Every structure is written in structure tokens, then in C-alpha cells.
Amino acid sequence: MKPEFGDAARAPFVVTLVVDLPITKLDALDTIAFVSDSAVADAHTAAPRVPLSSDAWAEVQIPRFADPPPLAIDVCSDASRTTARAAADRLTEGLERVGWTVRAPHEDEV
């Protein structure tokens with residue numbers, strides 16, 4: 001069964017990372033900002049994001065209706081899939097340094 005995540009990322013190039021943690025969207029964004037040495041942009045809107053570089057950012061999609069994890073981290077870019085992949089790899093390394101286990105989505109999660 002495909003998880004019911006929020007609005008899909010709005011970018012032409014997206015790499016999705018999955019984290020199986022019971023964490024709020026705001027806490028996930030704060031952690032992403034911390035490991036990326038960045039800050040949450042548009043924090044008080046419906047579409048907060050964390051800039052990862054000049055042409056890549058991360059958005060967090062959480063399950064709806066109190067479903068259990070996973071949560072999806074969409075690493076987005078307007079530049080290229082290569083840019084999104086490189087940013088996703090750097091973000092994965094940072095999240096793993098603080099103890100998170102990050103994985104690619106399973107086939108039934110995409």
C-alpha cells in the first residue's frame with residue numbers, strides 16, 4: 001500500500017529519501033537544517049523547506065491521519081537530477097551522523 005504523504009514536491013527533479021522515525025514535520029525540518037548548516041525557509045507557511053545549496057532544497061512529507069512512519073524527505077532541484085542526487089547524498093551523510101537511518105523508498109512507497 002502506498003503511504004499517504006502530503007503534497008508532492010513541486011520541482012522538476014526530485015530524489016526521495018525515507019526515514020522510519022516517529023518525528024514531527026517541524027522537528028524533521030529543524031534536524032535537516034541543523035545537519036545542512038542552513039535554516040528552515042517559509043517556516044510558517046504550508047510549504048516550508050530547507051535550502052541545501054543555491055539550486056537544491058529539502059521538503060518533508062509526512063503520513064496523513066496519524067499513520068505510522070515513514071516520512072519522506074524530497075530533495076528537490078530546478079537544475080538537474082544530478083544536482084538533486086548530490087544534495088540528497090550530502091543530506092544523507094549529515095542525517096546519518098546524527099543517528100538517523102535513511103533509505104531509498106521501497107517500490108510500494110513511490
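Quick notes on this one:
- Stretching the chain fully between T101 and T24 yields a gain of 26.1 nm (0.36 nm per residue, less the alpha carbon separation).
- Taking each DSSP H run with n ≥ 4 as -39500 (n - 2.57) and averaging over every residue of the chain yields -8000 deg cm²/dmol at 222 nm.
- Candidates D89, D42, D55, ranked by Gaussian network fluctuation over the chain, Cα under 10 Å, top entry: D42
- Positive-end extreme of charge dipole, the chain - chosen from A58, V18, L95 (charges on Cβ): A58
- Nearest-20 debye value, the range 14-105 charge dipole, Cβ charges on Lys, Arg, Asp, Glu: 160 debye
Quick note: the coordinates plus some simple rules give every number you see, no bench work behind them. These figures come from a predicted structure and were not determined experimentally. Positions of Cβ are generated from backbone atoms using ideal geometry, with glycine treated the same way; all protein chains shown enter the neighbour counts.
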